[in-house]
Amino acid sequence: QVQLVESGGGLVQPGGSLRLSCAASGSIVSAIVMGWYRQGPGKQRELVATITSRDAQSYAESVKGRFSISRNNAENTVNLQMNSLKGEDTAVYYCYAVIQTAVDGAGMNYWGKGALVTVSA
């Protein structure tokens, strides 16, 4: 069984910064891809950023230049540094990972429960 646990959400003023962290635990052979999605009020869940085990990164256009994703392969953790936050960044942020376990050779999708980020004055 694999679990993803997020931390670091909260309230921040526009223009401020916040750092989200996610730790994966369980019988992990390889965390092939790790990343973050978000779902704002009345919106669909959308991709924010992903990073592979070889450090290949991708970002949504709306966060490029403001957000930075990083990971620690040995600890199966992923972080999202969010700078210059805007009101439209307000959302529940979900940690996501494609993880290969000893049972599943191809890798399966896993999700965290979400961390609320509110950007407001």
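The values are calculated or read from the model by the stated rules, or taken from the named source; none is laboratory data. From a predicted model like this one, the values you see are computed outputs, not experimental measurements. Ideal geometry is used to build each Cβ from the backbone, glycine not excepted, and the neighbour counts take in all protein chains shown. When the accessible area is computed, the model is the full protein with side chains, heavy atoms only, and any ligands, DNA or RNA have been set aside. Shrake-Rupley method; radii C 1.70, N 1.55, O 1.52, S 1.80 Å.
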Practice problem: Return the only residue of Gly65, Gly42 being more than 17 Å from Ala115 (Cα to Cα) and out of contact with any strand residue (DSSP E or B) (no Cβ under 6 Å at 6 or more places or on another chain). | Solution: Gly65
Quiz item: Hey, any hits in segment 7-28 for a residue that's open to solvent by 50 Å² or more (accessible area, probe 1.4 Å), closer than 11 Å to Tyr96 by Cα and among the hydrophobic types (A, V, I, L, M, F, W, C)?
Solution: no
Self-check item: Within segment 30-121, strands (runs of 3 or more DSSP E) holding 3 or more residues that are open to solvent by 50 Å² or more (accessible area, probe 1.4 Å)
Solution: 108-111
